[in-house]
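Readers should treat all values here as calculations from the given coordinates under stated rules, not as data from a laboratory. Keep in mind the model is a prediction, meaning the values are calculated, not measured. In this analysis, Cβ positions are derived from the backbone assuming ideal geometry, glycine residues included, and neighbour counts consider all displayed protein chains.
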């Protein structure tokens with residue numbers, strides 16, 4: 001668990017930094033975790049520009065569709 005947050009506290013509009021307390025290193029770890037979990041490769045700059053859980057879901061879905069069609 002990267003952020004040590006109960007899943008019930010995570011909402012679609014939760015901001016990674018202000019609501020979930022993600023710092024820059026944790027954000028990089030989240031990106032790596034998403035890549036491993038979904039077997040994708042994300043553009044690091046684009047991935048790190050995502051600020052909310054909902055944006056992450058949309059971005060990951062797009063990358064999965066692009067890479068696994």
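Restricting to the stretch 30-69, name every residue that is free of Cβ contacts under 8 Å to residues at least 24 places away in the same chain, surrounded by fewer than 17 Cβ atoms within 10 Å (Cβ to Cβ) and outside any helix (DSSP H, G or I).
43, 69
If you scan the stretch 50-69, which residues turn out to be farther than 17 Å from residue 3 by Cα and in contact with a helix residue (DSSP H, G or I) (Cβ under 8 Å, 6 or more places away or on another chain)?
59, 60, 63, 64
Return the total of residues in the stretch 34-49 being within 8 Å of the chain's Cα centre (by Cα) and under 17 Å from residue 5 (Cβ atoms).
Total meeting the criteria: 1.
If I go through the stretch 1-25 residue by residue, how many of them are buried (at least 16 other Cβ atoms within 10 Å of the Cβ) and within 29 Å of residue 69 (Cα to Cα)?
2
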